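Enquirer: Have a look at this one before I ask anything.
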Amino acid sequence: MAQKKATTRGKQTGRTQAASNIAVERERGSFRQLLASNPNYFGTIAGSKFKAVLSLAGSTKYEELTCVAYNGAFDRLEATLAVKRTTGYKGGLCTAGSEEYVRFYVDSGGGWQDAGIAGAQVHDIPAGQDCAKQSRHPLIHTVAVPFDPQKFGCRKPQLPRVRAILSWEVPPPPNQPNWVPVWGNVHECAVQIEKSWSIFGLVDSLATIAGPKLDPGLLEQIEAVKELPLPQPLPDPPPLDVATLAKKYGYSGKPSKGQRQAVEVSRFGFTHAAQLKAVPAASDAEFELLAKPFLELGIDIGKLLVEIEDPTGNIGYEEVECVGLDNNTDSVVATYAIKRPSGYSGDLCSAGSYQYVAFWGDFDDDCNWTYLGTVKTKAYDFGSDLPAGGLCYAAVLPVDLSKYRKPCTTPVIGRVRAVLSWNSPPSTTNPDAVPFWGNRLDAHVIVKPGKPFPGTVTPDLTVVGGIHVNDIDNVSGLTLPAAKFVDTGFNVDSLGRACPFGGRVVVRGLQFPGHRYRVQVREFPGGVWTTLVKPIWVQPVVGPGFYHSPAGDGYFNYLGFSSNFASILAYFDTSGNELYEIRLDIEGVAGSASQIVRLDNTSPTADIEITSGSGSCGMFSPGDMMSGTFVARDLYFGRYSLVVKGHPSANTPSPASGIVQTPITGSNWTLKTTGMAVCGYIIEVHAYDRAIVNSQSSVHHTAASVGFCLRKK
């Protein structure tokens, strides 16, 4: 079946209004059962041997992707989805509900590349109204995956396209960018990768060449620079003045009749006019100095100052199109579009300008907005490089939702607001203010239920190895069947199998500024406690990240949410395959919190042989049926795959993949060589375990291969 055309630059408003609620149809309520009986029940598999029963693809009746974007501050791809109805999600908030999956793809010019998958847990939420008597539906969710592209300088902008595929209950398969969901849709937008530079080569060369001649203090500074997350942003030149901008945008006084100024005075002169407005009434000299460039250009200052007072919001250049809440990362996310090729005060090699997004929240549903914070990002002229449909940016602000969490019996449904303003920060005191350049957008969101924040200082571990402690068995140290990665909401194992931990296990927990904590580990049971003292990299809500070190006695200071929004407490760098206990205590506070984890730092076993004909590394002829054995094993086995490489005509081995490990002696494989070109080939076996390596969706992997040649008879 042909790919349903991807939506581009859809807006959250208008297109995502809650549909009238009707009984859940069989195709929704029995969705998994219908697919189990016939994988092509809905006719979405082209060339399937199963006959379609009902043609249904890309339905947005229940959920819909509305925005996709890139956030350069956190290097994340972001997608926004609207959950439109009150039922059809397999249960209320105290049940498992169901899952909305989003898989991301990026095309930087060489075709679509799989960038990962994220998920949002959704539930049946009763209809209702908020404090302003507005319907609580749709509920807006955002999800994200890490995306850290290579970054270059400013001479040629990097403007890849991003595609997101939303699918309810069935994860979009990897490396299939044209896959068609039954319930869900596809959305695309071009994004901009930030300009950067790398300093690794510079500092290493400097230290090597100068070596002992360098001042010790300078050497220390070089080493400090090497600890920074790189690449770093390029320094910007000074902003352009009014006269330069007027010349750049071809301003020559009033346009002739019927002619429209490409970039109007109220745009390129906006920042400088705003400075005029801010001049105290008594400061005539300062006013005259700032007004001089306008007067020299023949611009009516009085008319301009009146014009930029317009409170209706101009969305000709930029517009916030989506806003929602990411319950995986506890962040509010707004997606805005850059629409015009120019009017942003300079190209990528200049200072450009800023887009500001102020976030507000009403999580108590009492119609009192709380200012959450403002995010700013750069904006530039891209001229003819601007892709059709413009560019999509995501503004992301971590928020502390701990004081709003309640048990699942009490849904917390609130509102978030995003106010976009170009080159002038939005108000932080008036949530209703609309900027001259930009707009305002609201959305209803649901806060993920959980344990309310304790009223007293209490040792509390929340996340270990990227998994919430509620999803880790505290006896076996393995994940539970429904475990998900907290930052993406995606299942740890699609089959619900128990998973161990390997590499760096990141420990996270509630924070109590003003107190000190210590994290210790020991082999369980009976091992000797070791205090974790490795410095941790923490990221503030605003500003650059930094390393946080403990005192000499092994105790760290709690930093608080504003300085450490991910609530990282310690790094446990593991080795071996033992059972370990992680313990948290707070200085001067009785009790401790602990979590058992099973370690696995051993890669799977993989081997492959050819047993037919002349055996491994032997000669065969096209048309021969080859056979052999392969081994793919691990205590916590994940999957295996077999592939033939060497020429595009290579056929697929049988079996091509599997999720059950082979016997110790191995399993059989076959390869029909009919149609394969005369050439040299290798057949590879790849074995993967299901360990959670470095607190993310990485696993251990082992590959083995054997060669053979096809020659004419």
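The values are calculated or read from the model by the stated rules, or taken from the named source; none is laboratory data. All values reported here derive from a predicted model rather than from experimental measurement. Note that each Cβ is placed from the backbone with ideal geometry, even for glycine, and that neighbours are counted across all protein chains shown. Side chains are part of the model used for accessible areas, which takes the heavy atoms of the whole protein and leaves out ligands, DNA and RNA. Shrake-Rupley method; radii C 1.70, N 1.55, O 1.52, S 1.80 Å.
Enquirer: Given contacts defined as C-alpha pairs under 8 Å and at least six residues apart, what's the relative contact order of the chain, whole-number percent? Walk me through the intermediate numbers first.
Expert: On the way: 1745 pairs, mean separation 66.5, N = 713.
Value for the chain: 9 percent.
Enquirer: Follow-up question, since we're still on this one. Round to a whole angstrom and tell me the spacing of the C-alpha centers of the range 532-590 and the range 641-713.
Expert: So the separation of the two Cα centres works out to 42 Å.
Enquirer: Students often forget the sequence filter, so: which aspartates and glutamates lie under 16 Å Cα-Cα from K712 once same-chain residues fewer than 8 apart are removed?
Expert: Excluding near neighbours in sequence, the set is D624.
Enquirer: Another question, then. Which distance in Å, rounded to a whole number, links the C-alpha centroids of the range 89-152 and the range 452-516?
Expert: Taking the Cα centre of each part, the range 89-152 and the range 452-516 sit 21 Å apart.
Enquirer: What aspartates and glutamates does K90 reach when the alpha-carbon gap must be under 20 Å and sequence neighbours fewer than 8 apart in one chain are set aside?
Expert: Within reach: E25, E27, E63, E64, E99, E100, D124, E169.
Enquirer: Starting from the Cα of K406, draw a straight line to each of the lysines and keep only those under 17 Å, dropping any in the same chain fewer than 8 residues away.
Expert: Counting by Cα, and skipping residues close in sequence, K406 has these lysines nearby: K448, K451.
Enquirer: Another question, if that's okay. Any chance you could run the full-extension gain for D310 through L159? It's 0.36 nm times the residue separation minus the Cα-Cα distance, nm to one decimal.
Expert: Working: separation 151, 0.36 × 151 = 54.36 nm, distance 3.30 nm.
Extending this stretch completely gives an extra 51.1 nm.
Enquirer: State in Å² the accessible area per residue of the chain; use a 1.4 Å probe, count heavy atoms of protein chains only, and round to the nearest integer. Could the numbers behind the result be given before it?
Expert: Working: 31890 Å² over 713 residues.
Per residue, the chain has 45 Å² of solvent-accessible surface.
Enquirer: Please determine, in degrees from 0 to 90 and to the nearest 10, the orientation of helix 216-226 with respect to the longest principal axis defined by the Cα atoms of the chain, where the helix direction is its Cα long axis.
Expert: Around 70 degrees separate the two axes.
Enquirer: Next up: Apply the a/c threshold of 1.5 to the C-alpha gyration tensor of the range 438-535 and tell me whether it is rounded, prolate or oblate.
Expert: Details: a/c = 2.14, a/b = 1.28, b/c = 1.67.
It is oblate, given that a/c is not under 1.5 and a/b is not larger than b/c.
Enquirer: Could you tell me whether the range 55-170 comes out rounded, prolate or oblate from its Cα gyration tensor? Rule is a ≥ b ≥ c as square roots of the eigenvalues, rounded for a/c under 1.5, then prolate if a/b exceeds b/c, otherwise oblate. Walk me through the numbers on the way to the answer.
Expert: Working: a/c = 2.61, a/b = 1.98, b/c = 1.31.
Here the range 55-170 falls in the prolate category.
Enquirer: Have a look at the range 631-670 and give its Rg and Dmax from the Cα atoms, expressed in angstrom.
Expert: For the range 631-670, the Cα-based Rg and Dmax read 11.6, 36 Å.
Enquirer: Related question: On a 0 to 90° scale, report how tilted helix 200-210 is relative to the longest principal axis of the chain, with both axes built from alpha carbons and the result rounded to the nearest 10.
Expert: Between helix and principal axis, roughly 90 degrees.
Enquirer: Of (1) 35.9; (2) 41.3; (3) 32.5, which is the value of mean projected area of the Cα convex hull in nm² derived from the coordinates here?
Expert: The listed entry that was calculated here is (2).
Enquirer: Quick check: residue separation of Q150 and D107 times 0.36 nm, minus the Cα distance between them. What number comes out in nm?
Expert: Working: separation 43, 0.36 × 43 = 15.48 nm, distance 1.35 nm.
Net length gain for the segment: 14.1 nm.
Enquirer: Among K292/K376; K339/K378; K11/K156; K195/K248; K277/K376; K645/K672, which pairs are too far apart, with a Cα-Cα distance over 24 Å? Write out the running numbers ahead of the final one.
Expert: Working: K292/K376 30 Å; K339/K378 14 Å; K11/K156 29 Å; K195/K248 22 Å; K277/K376 22 Å; K645/K672 14 Å.
K292/K376; K11/K156, as the Cα separations exceed 24 Å there.
Enquirer: Right, next: Applying a 10 Å radius around every beta-carbon, put 428-440, 100-112, 582-594, 138-150 in order of their mean neighbour count, most first.
Expert: Working: 428-440: 17.5, 100-112: 19.4, 582-594: 15.7, 138-150: 21.8.
Top of the packing list down: 138-150, 100-112, 428-440, 582-594.
Enquirer: Full extension from N175 to Y547: what is 0.36 nm times the residue separation minus their Cα-Cα distance, to one decimal in nm? Can you show the working numbers first?
Expert: Working: separation 372, 0.36 × 372 = 133.92 nm, distance 3.65 nm.
Value of the extension gain: 130.3 nm.
Enquirer: So which GluC sites (Glu not before Pro) in the range 295-340 pass both tests, a DSSP loop state and at most 12 other Cβ atoms within 10 Å of the Cβ? Please report the intermediate quantities before stating the final value.
Expert: Numbers: sites: E296, E307, E309, E318, E319, E321; in loops: E309.
Those satisfying the criteria are E309.
Enquirer: Would you calculate the separation in nanometres between label points at S616 and R711, each defined as 7 Å from the Cα along the Cα-to-beta-carbon direction?
Expert: If labels sit at S616 and R711, their model points lie 2.1 nm apart.
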